[in-house]
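Here is the structure we will look at.
The values are calculated or read from the model by the stated rules, or taken from the named source; none is laboratory data. Just so it is clear, the model here is predicted, and its values are computed rather than measured. For neighbour counting, all protein chains shown are included, and Cβ atoms are generated from backbone atoms with ideal geometry for every residue, glycine included.
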Amino acid sequence: MNDAILITGFNGEIGTQTLLSLSQRQIPIIALDINKSDIKYDNVTYIKDSILNENIIKSIFNDYNIIEVYHFAALLSQSANNNPELANQVNEEGSKLIINTAMNHGKKHESFIKIFFPSSIAVYGPRKLKNAQELDIMKPQTIYGRNKLAIEQFGTHKHEESLELGFGIDFRCLRFPGIISPFTVPSGGTTDFAPQMLHAAFNNENYICKVDSLTRLPFLGMKNTIKVIIDIMSFKIINSKLRAFNVQEMSLNPTEIIEQLQKEFPKFIVDFDIDSKFQSIADTWPESLNCDEASEKWNFINKQNNDVTFKEYLIPEIKKHYGKH
Ligand code: AKB
């Protein structure tokens with residue numbers, strides 16, 4: 001049986017870029033998503049199906065010796081609020097199915113299967129924290145935050161069980177802040193206003209922001225998002241009981257994002273029309289994250305510089321991206 005990597009939700013914002021990075025490795029990749037892919041890589045087998053389809057998940061693990069899993073399939077915070085039943089199924093039941101199937105595979109083959117799970121700042125709440133630490137109060141106010149926390153805990157528990165058995169899963173999880181990508185305009189999330197503003201500014205469009213101008217949140221650019229995923233999965237072991245780590249690169253409010261964008265696009269105009277569905281969630285998420293655990297346990301480099309991220313990464317990359325089209 002050939003070794004292979006499984007990636008779920010590969011058509012999503014982070015999934016697309018992770019698949020691009022993984023495709024450069026000389027190993028077969030099984031890519032699962034409910035939507036068809038437009039991009040084809042030679043070493044990738046595409047499967048158009050749902051992570052809720054138990055037969056498909058089991059057959060993937062029967063047909064391949066899966067050694068790593070990148071599990072991105074999920075509903076984001078706003079989508080989850082609009083469809084809580086589906087959120088519970090996809091975000092929780094689907095994730096448990098992946099973890100349990102990987103666990104059984106590890107037991108059968110007496111090996112450890114590395115699982116990457118993207119968690120979120122949505123696990124925090126109800127009060128807005130500054131410099132939130134991993135073990136700070138976690139009473140998530142959204143269904144999405146509760147789903148993420150439940151899987152962090154489930155995965156961590158299965159990881160501990162695996163250590164006792166000597167095989168099973170090796171669970172690694174990052175609590176992502178808002179992601180800013182120069183390649184895609186996201187939807188369905190609460191932090192989407194930041195990347196949406198970047199794309200609107202480049203395309204000479206005005207933007208209406210649904211979150212108050214002074215609401216501060218943590219962010220990470222797409223380049224470093226992929227870097228941290230690849231980095232955390234590259235270690236043979238991560239010697240830590242804590243399995244879910246904070247990562248951030250910037251802490252910004254909408255006013256500061258607009259200022260960064262207006263340096264390059266001086267005509268960019270933003271109006272504010274606060275939407276309580278967005279504001280009430282943003283008010284319970286931390287304004288910044290403490291990343292000391294990630295630095296200590298797996299060498300995360302926490303260099304915060306808003307100017308550099310906009311000037312040297314986001315602006316040049318978005319120009320290159322649209323230049324191609
Ligand atoms: C969302 O806004 O739902 C996500 C997240 C921070 O988890 N971007």
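Restrict the check to the range 153-160 and report whether at least one residue is at pLDDT 95 or above, among the basic types (Lys, Arg) and out of contact with any Gly (no Cβ under 7 Å at 6 or more places or on another chain).
No, because not a single residue in the range 153-160 is at pLDDT 95 or above, among the basic types (Lys, Arg) and out of contact with any Gly (no Cβ under 7 Å at 6 or more places or on another chain).
Could you list, in sequence order, all residues of the range 81-124 that are within 16 Å of the ligand (Cβ to nearest atom), out of contact with any strand residue (DSSP E or B) (no Cβ under 7 Å at 6 or more places or on another chain) and either under 27 Å from residue 230 (Cβ atoms) or outside any helix (DSSP H, G or I) (or both)?
Within the range 81-124, 83, 90, 91, 92, 122 qualify.
Over 30 Å from residue 82 (Cβ atoms) and loosely packed, with under 13 Cβ neighbours inside 10 Å: which single residue out of 320, 297 fits that description?
Step by step, each of 320, 297 is checked, and only 320 is over 30 Å from residue 82 (Cβ atoms) and loosely packed, with under 13 Cβ neighbours inside 10 Å.
Within the range 94-128, how many residues turn out to be among the charged types (D, E, K, R) and under 16 Å from residue 33 (Cα atoms)?
0
Can you tell me which of (1) within 16 Å of the ligand (Cβ to nearest atom); (2) of a type outside the set (A, V, I, L, M); (3) surrounded by fewer than 18 Cβ atoms within 10 Å (Cβ to Cβ); (4) not assigned by TED's automatic domain parsing to the domain that holds residue 194 is the one residue 276 doesn't meet?
(4)
Pairs please, first residue from the range 61-90 and more than 14 Å from residue 106 (Cα to Cα), second anywhere and away from the ligand (no atom under 16 Å from the Cβ) and among the charged types (D, E, K, R), Cβ atoms under 9 Å, 6+ apart in sequence or on different chains.
So the pair list comes out as 72/33; 73/33.
Output the number of the condition that residue 19 fails; it satisfies all remaining conditions of (1) away from the ligand (no atom under 16 Å from the Cβ); (2) more than 23 Å from residue 177 (Cβ to Cβ); (3) in a helix (DSSP H, G or I).
(2)
Could you list, in sequence order, the residues of the range 267-284 that are within 20 Å of residue 199 (Cα to Cα) and either at pLDDT below 95 or part of a helix (DSSP H, G or I) (or both)?
Answer for the range 267-284, where residues must be within 20 Å of residue 199 (Cα to Cα) and either at pLDDT below 95 or part of a helix (DSSP H, G or I) (or both): just 278.
Is there any pair linking a residue in the range 208-220 that is in contact (Cβ under 8 Å) with a residue 24 or more places away in the chain and closer than 14 Å to residue 197 by Cα to one that is assigned to a strand (DSSP E or B) and within 12 Å of the ligand (Cβ to nearest atom), with Cβ under 9 Å and at least six apart or on different chains, and which?
Going by the 9 Å Cβ cut-off, the qualifying pairs are 211/217; 219/178; 219/179; 219/180.
For the structure I just gave you, tell me whether residue 170 is modelled with pLDDT of 95 or more and over 29 Å from residue 20 (Cβ atoms).
Spelling it out, it is not the case that residue 170 is modelled with pLDDT of 95 or more and over 29 Å from residue 20 (Cβ atoms).
From the residues in the range 9-18 that are within 12 Å of the chain's Cα centre (by Cα) and not charged (D, E, K, R), which one is surrounded by the most Cβ atoms within 10 Å (Cβ to Cβ)?
Here the answer is 10.
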